[in-house]
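The values are calculated or read from the model by the stated rules, or taken from the named source; none is laboratory data. What you are looking at is a predicted structure, and each value in this text was computed from that prediction instead of being measured. All Cβ positions, glycine included, derive from the backbone under ideal geometry; neighbour counts span all protein chains shown. SASA here: full protein model, heavy atoms, side chains in, ligands and nucleic acids out. Shrake-Rupley method; radii C 1.70, N 1.55, O 1.52, S 1.80 Å.
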Amino acid sequence: MTDMDPGSRAESLSFRQLKLFESVGRLNSVRRASEECNLSQPAVTQALAKLEHQVGVTLLERRASGSYLNELGDIFHRRVTRVFAQIEQALVELAVPGGRDGAAVIARRISKSQARSLIAIVETGSFAQAAEALGLSQASLQRAARDLEGNLRKSLYYRTAAGVMVTPAGVEFGRKIKLATQEIEWGIKEIDAALGNANSQIAIGAMPFGGSVLLASVLDEFVTAHPRADVKIVNESAPEMLKSLRAGNVDFVIGLVQETVAEDLTNQALAKTPYTIVARRGHKLARKGKVTVDDLLQYEWVVGTPGAARRACFERLFAGGPGPKASIATCSLPVIRHLLARSERLTLVTSYELKHEDDALVPIDFGEIEPAPSIGITMRADWLPTRLHLDFIELLRRHMAEVGIVPLKKAS
């Protein structure tokens, strides 16, 4: 099945096959795995052979003393282990009966079709649209949804005048299950990469301003070094970008790291990049010398959108009194350039962004603005990057040093 893309191969694998593979890989024995999973040895052997065919490679070395993971098997087993660990943790956080022990039992009962049904309903917003997306009848989808609730012994849906909706807890559980199942595809991509026949895709979120600038600065070098890589770029506002990250729609996000993030996210700052007040070349304040807050109050500003680090900096700058007029809020750098070039407006950019501007925008001599933000990467806290991801992150670090911004030390 190697003619199929990694996503299709991952989709073809059942949770039952994956659980058997996890058990054999952990126990080094088909017999012991058959006892643990309450199946006959021939059934386990047949399921594993089918799994290897679907993945497209041999994962186990069969010997008289047992069955052992080969190099590719180690790669895939690590990912499969993470699938079930994440599902169990999601069940614990859903507060299923029996706590962690109960979660381990329930995780073995959940089927791939049950997981797919919940994910599709959460993502599309309705049973009808989810059934269409999955190519199922609504009756089949409803049966899978009921079976999942029965396994969990928890309600995931409720009825409203607009139809059946997913509970908030169900939405969060569906998000976590989706992230868990992504591990399967990543495992297959890592196997393909190890064999040298990968056309791997990475999905990168680029926050407005610095994120897009940094990404554009390194893309050519990255695709030259990895000609078979398929880079998908998503551009949204900072709040929407973090939602996409948590939903698994992007692998990581580049931009100004947020001052606070959800517990399931983590920041890796690459370099400090202080804010600078800028205006068009020839602006009166650019010729004035040292500028005060009172000077800044006399001009209209272009500000970041609510929730953006740039917006928070603007608000701190004028805290304690009425701020300047700021009728335009945008995260579009081309729009900001246009607005400043044809007016007396001011705005905030980082020192890194200013390095990549032409001479049309110039800094205003106001002095240091604290705290200085960091440009970097935001990731899911439990994310396990592939080799391709790690290469991209290392390239970002090198680039920051090359442009004269001293990278922060790596966390030990």
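Compute the FRET efficiency between Leu390 and Asn70 as 1/(1 + (r/R0)^6), taking r as their Cβ-Cβ distance and R0 = 22 Å, and round to the nearest 0.05. List each step's numbers first, then the result.
On the way: r = 23 Å, r/R0 = 1.03.
According to the calculation, E is roughly 0.45.
By how many degrees, 0 to 90 and rounded to 10, does the Cα axis of helix 138-152 deviate from the longest principal axis of the chain?
Orientation of helix 138-152: about 90 degrees from the principal axis.
Positive end of the charge dipole of segment 1-157 (Lys, Arg +1 and Asp, Glu -1 on Cβ, about the Cα centre): tell me which of Thr124, Gly135, Gly99 has its Cα farthest that way.
After comparing all options, I get Gly99.
Give me the extension gain from Ala312 to Arg228: residue separation times 0.36 nm, minus the current Cα-Cα distance, reported in nm with one decimal. Numbers along the way, then the final one.
Numbers: separation 84, 0.36 × 84 = 30.24 nm, distance 4.00 nm.
Fully extending the segment from Ala312 to Arg228 adds 26.2 nm.
Quick one: helix 210-225 against the long Cα principal axis of the chain, what's the angle to the nearest 10°, folded into 0 to 90?
The angle comes out at about 50 degrees.
Tell me the mean residue ellipticity at 222 nm calculated for the chain from its helices only (DSSP H runs of n ≥ 4, each -39500 (n - 2.57), averaged over every residue, nearest 500). Don't jump to the answer; show the numbers that get you there.
Working: 17 runs with 209 residues, N = 412.
Calculated from helices alone, the mean residue ellipticity at 222 nm is -16000 deg cm²/dmol.
Picking from Val44, Leu18, Ile364, whose Cα lies most toward the positive end of the charge dipole for the chain (charges on Cβ: Lys, Arg +1; Asp, Glu -1)?
With unit charges placed on the Cβ atoms, the residue in question is Val44.
Which value, in Å², gives the accessible area per residue of segment 257-412 when a 1.4 Å probe is used on the protein heavy atoms?
Values: 7800 Å² over 156 residues.
Counting only protein heavy atoms, the per-residue value for segment 257-412 is 50 Å².
What part of the accessible area of the chain, given as a whole %, is carbon or sulfur when the probe is 1.4 angstrom?
Numbers: 9900 of 19350 Å².
That share works out to 51 percent.
Can you flag which of Lys50/Lys112; Lys243/Lys355; Lys19/Lys154; Lys178/Lys243; Lys19/Lys50 are past 18 Å Cα-Cα?
Numbers: Lys50/Lys112 16 Å; Lys243/Lys355 29 Å; Lys19/Lys154 23 Å; Lys178/Lys243 14 Å; Lys19/Lys50 13 Å.
The pairs that break the limit, which is 18 Å between Cα atoms, are Lys243/Lys355; Lys19/Lys154.
Rounded to two decimals, what is the ratio between the C-alpha radius of gyration of the chain and 2.2 N^0.38 Å?
Numbers: Rg = 25.8 Å, N = 412, 2.2 N^0.38 = 21.7 Å.
Here the Cα radius of gyration is 1.19 times the empirical estimate.
Expressed in nm to one decimal, what extension gain is obtained for the pair Lys325 and Val105 from 0.36 nm per residue of sequence separation less their Cα-Cα distance? Show your work: numbers first, answer last.
Working: separation 220, 0.36 × 220 = 79.20 nm, distance 5.95 nm.
Full extension of this stretch gives 73.2 nm more.
How big is the charge dipole of the chain about its Cα centre, in debye rounded to the nearest 20, if each Lys and Arg gets +1 on its Cβ and each Asp and Glu gets -1 on its Cβ?
Details: 51 positive and 47 negative charges, 132 e Å.
Using Cβ point charges on Lys, Arg, Asp and Glu, the chain gives about 640 debye.
Give me a comma-separated list of calculated 3J(HN,Hα) values for segment 390-395, in order, Karplus coefficients 6.51, -1.76, 1.60 applied at θ = phi - 60°, integers in Hz, x for any Gly or Pro.
Listing the rounded values in order: 4, 5, 5, 5, 5, 4 Hz.
With unit charges on the beta carbons (Lys and Arg positive, Asp and Glu negative) and the dipole taken about the Cα centre of the chain, which residue among Ile375, Leu215, Gly205 sits farthest to the positive side?
So the residue furthest toward the plus end is Gly205.
With labels modelled as points extended 7 Å from the Cα through the Cβ direction, what inter-label distance (nm, one decimal) is found for Ala341 paired with Gln89?
4.7 nm
Taking the DSSP beta bridges in the chain as the whole, what percent of them are antiparallel, to the nearest 5? Please report the intermediate quantities before stating the final value.
Values: 26 of 38 bridges.
So the antiparallel bridges in the chain amount to around 70 percent.
Between Ala372 and Asn38, what length in nm is gained on full extension when 0.36 nm per residue of separation is reduced by their alpha carbon distance? Please list the in-between numbers first.
On the way: separation 334, 0.36 × 334 = 120.24 nm, distance 5.83 nm.
Stretched out fully, the Ala372 to Asn38 stretch lengthens by 114.4 nm.
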